[in-house]
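Accompanying notes for the structure given below.
The values are calculated or read from the model by the stated rules, or taken from the named source; none is laboratory data. Predicted model, so just to flag it, every value in this text is computed and none were measured. Here Cβ is always computed from backbone atoms with ideal geometry, including for glycine, and neighbour counts include all displayed protein chains. With ligands, DNA and RNA removed, areas are computed over all heavy atoms of the protein, side chains included. Shrake-Rupley method; radii C 1.70, N 1.55, O 1.52, S 1.80 Å.
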Amino acid sequence: MNFLDFEKPIAELEGKIEELRHLSDTDDLNIADEVGRLQAKVDKLLRATYAKLTPWQKTQVARHPDRPHFLDYVNALVEEFTPLAGDRAFAEDRAIIGGLGRFRGHSCMVIGHEKGHDTESRVKHNFGMARPEGYRKAKRLMRMADRFGLPVITLVDTAGAYPGVDAEARGQAEAIARSIETCLDLRVPLISVVIGEGGSGGAIALAAGNTVLMMEHAIYSVISPEGCASILWRSGEAAKDAAEALRLTAQDLYKLGVIDGIIPEPLGGAHRAPDLAMAALGDAVARSLEELRGLDGGVLRARRREKFLEMGKTGLY
Amino acid sequence: MNWLTNFVRPKIQKLVRPKEVPDNLWHKCPHCGHMIFHRDLEKNLSVCQHCGHHMRLPVKRRLELLFDGGDYQRIELPKTVADPLRFRDGKRYSDRLKDAQSKTGEQDAIIVAHGRIGGVNVVVAAFNFDFMGGSMGIAVGEGLVAAAELAVLQEAPLIAVPASGGARMQEGILSLMQMARTTVAIDRVKEKGLPYIVLLTDPTTGGVSASFAMLGDIQIAEPGAVVGFAGARVIETTIREKLPEGFQRAEYLLDHGMIDMVVPRTRLRDTLIQILRLLRLPGPAGEVVALPVDLPDDTGEESAVRG
């Protein structure tokens, strides 16, 4: 388990529990009691800590390496997943994975950013930072879903689109713009969930959906707190302040009307109980799909467009 | 002290010393370093006559340059929520907004105007880079939505002229949402079969380039304009290498197939007129065809062809 800075007291307690467990080879009842007592304390501490995470702490949780990523969700929730590759123009970009599959019995298209879970897979997936080919593949798969009347589920988890010379040369801006345009043009349901980090244009490229949900401790922002701090505060140190000012938590975004719902995470965050987190996402997506089932394609498209046109009419105050 | 130092020297100095002139009469070209007299610069549309470098053009000058006879009507834009997040860094965003408003005399970073270009009725949405770097927040998004609505209402082509560093960070996620919002807006224009033309000016980056600004039927850029998604500094720190010569400039985008043409400012109006007429007046000259637009006044055919 990787512990975050602010989880130090929790880490210490869990360390103690671990030690005691090693001692308890002899079935000493006193030790079992002590473990139980400490575990209750850990739970209480977790509940207290996670109930009032600051935006900067949420940023760290959202980026936690042990959090379930796109492929974890697909393995847990999608049957017969059939990955489809390539943008048909230049390359296969593994920062964005997509394919056909069966979600709760229904065929659908699933697309999302994959960050990877160890050095090798992180490099393979470019840490979830897509190049134009990734967005062009997403666009191609969304169009395909549209043609076959299949709902689209997108899972967003990216620090942002890849800032590289090659990406710019091949039209990063245009690729993102077309992906957003495609999201907004679909005549099938589009459900988007920010599962970790929703980083700027690279995130909204997949997230202009009929229903946009966020995991409880996910973040979604126009710029990373670090980027914002270096531009406006002229110091990366101010990332904490920038995280506060940007209002990037699921709770604030819900108040702003930018997202439609928040998916609760297990005690202490999705990384402590990935199975529970993934099941909660499955239920929430299924509910959202159910709400849209049977709606005419034109209505789905018009409602989605209307929703984004209306956004930003009110502030937080 | 004598007659020579007190009287003769000042006289001589007065003769040789360049006449004291207000600073703003001469401009230094940031590219070639030549000094350019302000009247020459204005006459040459802020293009250096020595090296052809295109300097940024103030938005009102831009509009004068585009429309027939420099004549256009601005539309009033709906009021939007100012400072929705009560954002504050070293300074309050609401104070930054007020400063920008008093500096520019404008409400926000976009002007929407309509008028005629080559006799064709058009709507133009032009960014004001002097207003917080032309950054796109709710008000700018609202401007593009209004411009698109006006274009649909008037059955007129829409020309967007971005000059923007990207999304306005101080409006947080709501500025990011303008990417989706403006995309819907310009799509409505396209759906009606109306041309949507983008004139990319220096700079067009970030969330602006990754939404409506890259979705034109025809993409035109001014020479040397920086157009791209990620900032050059961000890329340099990511890849830790120097960027290629001319990277993210208009000519680079042209070479990479991202835009249709790079047009010098002096030929911009003529180029636009040609495109607008090709798209809007498709019949041979003099032939009466079904036209969905107002014809130029001199043909006098307008009422006959619009049923």
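Angle between the Cα long axis of helix A:8-23 and the longest principal axis of chain A, 0 to 90 degrees, nearest 10? Around 60 degrees separate the two axes. Sort region A:5-52 into rounded, prolate or oblate with this rule: let a ≥ b ≥ c be the square roots of the eigenvalues of the Cα gyration tensor; rounded if a/c is under 1.5, and if a/c is not under 1.5, prolate when a/b is larger than b/c, oblate otherwise. Cα axes put region A:5-52 in the oblate bin.
With a 1.4 Å probe, how much accessible area is buried between chains B and A, both sides summed, in Å² to the nearest hundred? Write down the numbers at each step before the final one.
Working: alone 16920 and 15280 Å², together 28040 Å².
Protein heavy atoms only, the B-A interface buries about 4200 Å².
When +1 charges are put on Lys and Arg Cβ atoms and -1 charges on Asp and Glu Cβ atoms, the dipole computed for chain A relative to its Cα centre reaches about 1440 debye. Relative to one another, the C-alpha centroids of region B:169-207 and region B:55-99 are positioned 16 Å apart.
Among rounded, prolate and oblate, which fits chain A when a ≥ b ≥ c are the square roots of the eigenvalues of its C-alpha gyration tensor, a/c under 1.5 means rounded, and a/b larger than b/c means prolate? Before the final figure, lay out the partial values.
Numbers: a/c = 1.77, a/b = 1.56, b/c = 1.14.
Verdict is prolate for chain A.
Size estimate for region A:81-211 follows the Kirkwood approach: the inverse of mean 1/r over distinct Cα pairs works out to 14.2 Å. Per the Debye calculation on region A:153-218 with a single equal scatterer at every Cα and no solvent contribution, log₁₀ I(q)/I(0) for q = 0.21, 0.24 Å⁻¹ amounts to -0.83, -0.99. For region B:86-95, the Karplus equation 6.51 cos²θ - 1.76 cosθ + 1.60, evaluated at θ = phi - 60°, returns couplings of 6, 6, 8, 9, x, 10, 6, 4, 4, 6 Hz by residue, with Gly and Pro reported as x. Residues whose amide H lies under 5 Å from that of residue B:117, counting only those 5 or more places away or on a different chain, are B:68, B:122; hydrogens are built 1.01 Å from N in the peptide plane.
Working from label points 7 Å from Cα in the Cα-to-Cβ sense, the residue A:293 to residue A:23 distance is 5.5 nm.
Across peptide A:205-211, how many C-beta atoms of other chains are within 10 Å of each residue C-beta, on average? Don't jump to the answer; show the numbers that get you there.
Values: counts 4, 0, 2, 6, 1, 0, 0.
Going residue by residue through A:205-211 and averaging, the value is 2.
Work out the length of the dipole vector of the protein assembly as shown about its Cα centre, built from +1 on the beta-carbon of each Lys and Arg and -1 on the beta-carbon of each Asp and Glu, and round it to the nearest 20 debye. Let's see the in-between values first.
Details: 78 positive and 83 negative charges, 394 e Å.
It works out to roughly 1900 debye.
Pull out a ≥ b ≥ c, the square roots of the eigenvalues of the alpha-carbon gyration tensor of region B:41-124, then state rounded if a/c is under 1.5, prolate if not and a/b is larger than b/c, and oblate in the remaining case. In terms of gyration-tensor shape, oblate.
Modelled this way, with points 7 Å down the Cα-to-C-beta line, the labels at residue B:79 and residue B:37 are 4.8 nm from one another. Close amide-amide hydrogen proximity is noted between residue B:200 and B:220, B:221, B:222, each under 5 Å apart and 5 or more residues distant or on a separate chain (H modeled in the peptide plane; Pro and chain starts excluded). Summary: within chain A, the longest segment free of trypsin sites (Lys or Arg not before Pro) located in DSSP loops with at most 14 other C-beta atoms within 10 Å is A:105-233.
Across region A:5-52, how many lysine pairs, 8 or more positions apart or on different chains, have C-alpha atoms separated by under 14 Å? Please give the number.
Values: A:8/A:16; A:8/A:41; A:16/A:41; A:44/A:52.
Summing the qualifying lysine pairs gives 4.
Panel note: the C-alpha atoms of the protein assembly as shown, placed on their principal axes, show extents of 107, 88, 44 Å (largest first). The count of lysine pairs in chain B whose Cα atoms are under 30 Å apart, excluding pairs fewer than 8 places apart on the same chain, comes to 23. Once backbone amide H atoms are built at 1.01 Å from N, residue B:167 has B:136, B:207, B:208 as its partners under 5 Å, excluding neighbours fewer than 5 places away on the same chain. Taking Cα atoms only, the orientation of helix B:138-154 departs from the longest principal axis of chain B by about 50 degrees. Counting Cβ atoms of other protein chains within 10 Å of each Cβ in B:223-229 and taking the mean gives 4.
Per-residue 3J(HN,Hα) values for region A:75-85, derived from phi via the Karplus relation 6.51 cos²θ - 1.76 cosθ + 1.60 with θ = phi - 60°, read 4, 7, 10, 10, 8, 6, 4, 10, x, 10, 10 Hz in sequence order (x marks Gly and Pro).
About its Cα centre, the dipole of region B:1-159 is roughly 1060 debye, where the only charges are +1 on Lys and Arg Cβ and -1 on Asp and Glu Cβ.
Rounded to a whole number of µm²/s, how large is the Stokes-Einstein D of region B:56-280 at 25 °C and 0.890 mPa s, given Rh as the Kirkwood radius over C-alpha pairs?
Working: Rh = 17.7 Å.
Stokes-Einstein gives a translational diffusion coefficient of 139 µm²/s.
No disulfide-compatible partner, judged by a Cβ distance under 4.7 Å, exists for the following cysteines of the protein assembly as shown: A:108, A:183, A:228.
Taking GluC sites (Glu not before Pro) as exposed when their DSSP state is a loop state and no more than 13 other Cβ atoms lie within 10 Å, the longest site-free interval of chain B runs over B:77-240. Computed from backbone phi with θ = phi - 60° and the Karplus coefficients 6.51, -1.76 and 1.60, the 3J(HN,Hα) list for region A:231-245 is 7, 8, 9, 6, 6, x, 4, 7, 3, 4, 5, 5, 4, 5, 5 Hz; x is used for glycine and proline.
Along the axis of the charge dipole computed for region A:1-159 (Cβ charges of +1 for Lys and Arg, -1 for Asp and Glu, origin at the Cα centre), the listed residues A:83, A:149, A:6 are led at the positive end by A:149.
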